Amino acid sequence: MAVLTTGVAAQYSTSEKLAARARLHTHYSVSDEGWFEWVAARLQLGEGDKVLDIGCGPGWFWQSAAPLLPERLELTLADQSAGMVKEALERCGSLKQWTVTSIEADASTLPFADASFDAVVAMHMLYHVRDQAKAIAEMGRVLKPGGLLAVTTNGANNLRDLYALTTVFGSEPVEPVAATFGLDIAERRLGAQFGNVTREIQPARLRITSPEDVFMALTSYPPGDGAPDEQQAAFRAAIDQAFARGGGVLDVGKEVGLFVSRKA
Ligand SMILES: C[S@@+](CC[C@H](N)C(=O)[O-])C[C@H]1O[C@@H](n2cnc3c(N)ncnc32)[C@H](O)[C@@H]1O
């Protein structure tokens, strides 16, 4: 069972559970740039562009990326979670000179006219979507000719040594989202829709120094979040052993990718 792809409504009613996982990346990443800054540097947005972020979550990307982006943007923040849409608008509504609107929307049936956007961004969300080909086709439909689609996701090797610890919950020892929308699937599906796609992996790893942060991140989604006490205790023991083996540090590789396609 690909656990991060089930129970999506409960998982994302607010940003709390997502924040437990994001904390590993914001606090412990070893890389030249933060993830959001690395993506922003590759988006090539122009002054005044109309941009859709589908599956925007709490809008963290735009807050972090703003210093690297144009002074003027017409940004539409869309997510199927009402809580995320509200939080994203509160966070991003007064960034730079941007015009920011928000809307509850499902990626599979985007409530926008054909050819309305210069760019569509779909970061770490397509693995939640049942009909990915339909959602990608919708992203293509709402893009103007020449418009840019940026999609991000994780590869099967992402945080491998962390996911190895989750076998105490009966989980597979691999990145859970890769089975539904890993790097190869993403490249294939985007190429099929657009006829072109570039793939770039951010060189980065995590150097984690807090066992508690690992526990909180990996029990923020099923089955870890509902695991019985004895499983949670076994999980804590497995985490402690891993930190002991690393001399108090857990050093794990990341495999996170950005795909960019252009509409003909
Ligand atoms: C892992 S979060 C990513 C948030 C943000 N894009 C980021 O990278 O920080 C996934 C988001 O996708 C949203 N989502 C999941 N399925 C969706 C769908 N079918 N249509 C629109 N949003 C969806 C969730 O509500 C959640 O906010």
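The values are calculated or read from the model by the stated rules, or taken from the named source; none is laboratory data. Given the structure is predicted, the values throughout are model-derived calculations rather than measurements. Cβ coordinates were reconstructed from backbone atoms using ideal geometry, including for glycine residues, and neighbour counts include every protein chain displayed. Ligands, DNA and RNA are excluded from the accessible area calculation, which covers all protein heavy atoms including side chains. Shrake-Rupley method; radii C 1.70, N 1.55, O 1.52, S 1.80 Å.
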Virtual spin-label span in nm between residue 47 and residue 212, 7 Å along Cα→Cβ
4.9 nm
Accessible surface, per residue, of the chain when the full set of protein chains is kept, probe 1.4 Å, Å²:
44 Å²
Roughly how tilted is helix 16-28, in degrees to the nearest 10 and between 0 and 90, from the longest Cα axis of the chain?
80 degrees
Under the classification rounded if a/c is under 1.5, otherwise prolate if a/b is larger than b/c and oblate if not, where does the stretch 199-264 fall, given a ≥ b ≥ c as square roots of the Cα gyration tensor eigenvalues?
oblate
Mind putting together the pair-distance distribution for the stretch 1-141? All Cα pairs, 10 Å bins, whole percent per bin, short to long.
11, 42, 38, 9, 0
Applying the gyration tensor rule to the Cα atoms of the stretch 5-49 (axes a ≥ b ≥ c; rounded if a/c under 1.5, else prolate if a/b exceeds b/c, else oblate), the class is oblate
Size of charge dipole - the chain - debye, nearest 20, with Cβ of Lys, Arg +1 and Asp, Glu -1, no other charges
480 debye
To the nearest 10 degrees, the tilt of helix 183-194 (Cα long axis) against the first principal axis of the alpha carbons of the chain is 10 degrees
Residue 144-residue 104 pseudo-label distance in nm [points 7 Å out on the Cα-to-Cβ vector]
3.1 nm
Roughly what % of Cα-Cα distances in the chain sit above 24 Å, to the whole percent?
48 percent
If each residue of separation counts as 0.36 nm, what is the full-extension length gain between residue 192 and residue 96 once their alpha-carbon separation is subtracted?
30.9 nm
Once you place label points 7 Å from the Cα toward the Cβ at residue 264 and residue 137, how far apart are they in nm?
1.6 nm
Spelling out what I want: for every residue of the stretch 96-104, take phi, set θ = phi - 60°, compute 6.51 cos²θ - 1.76 cosθ + 1.60 (Karplus), and round to whole Hz; glycine and proline get x.
6, 9, 6, 9, 10, 10, 9, 7, 6
Using the Cα centre as the reference, give the magnitude of the dipole from point charges on the C-beta atoms of the stretch 82-219 (Lys, Arg: +1; Asp, Glu: -1; all else neutral), rounded to the nearest 20 debye.
280 debye
State which entries of 50/263; 86/144; 50/144 exceed 21 angstrom in Cα-Cα distance in the structure shown.
86/144
Just subtract the alpha-carbon distance of residue 160 and residue 184 from 0.36 nm times their residue separation and send over the number in nm, one decimal.
6.9 nm
Using a 10 Å cut-off on Cβ atoms, rank the peptides 243-253, 39-49, 71-81 from the highest mean neighbour count down.
71-81, 39-49, 243-253
Using a cut-off of 15 Å between alpha-carbon atoms, which aspartates and glutamates can reach residue 96, once sequence neighbours fewer than 8 places away in the same chain are excluded?
47, 49, 71, 74
If you count the DSSP beta bridges with both ends in the chain, what percent of them are antiparallel, to the nearest 5?
45 percent
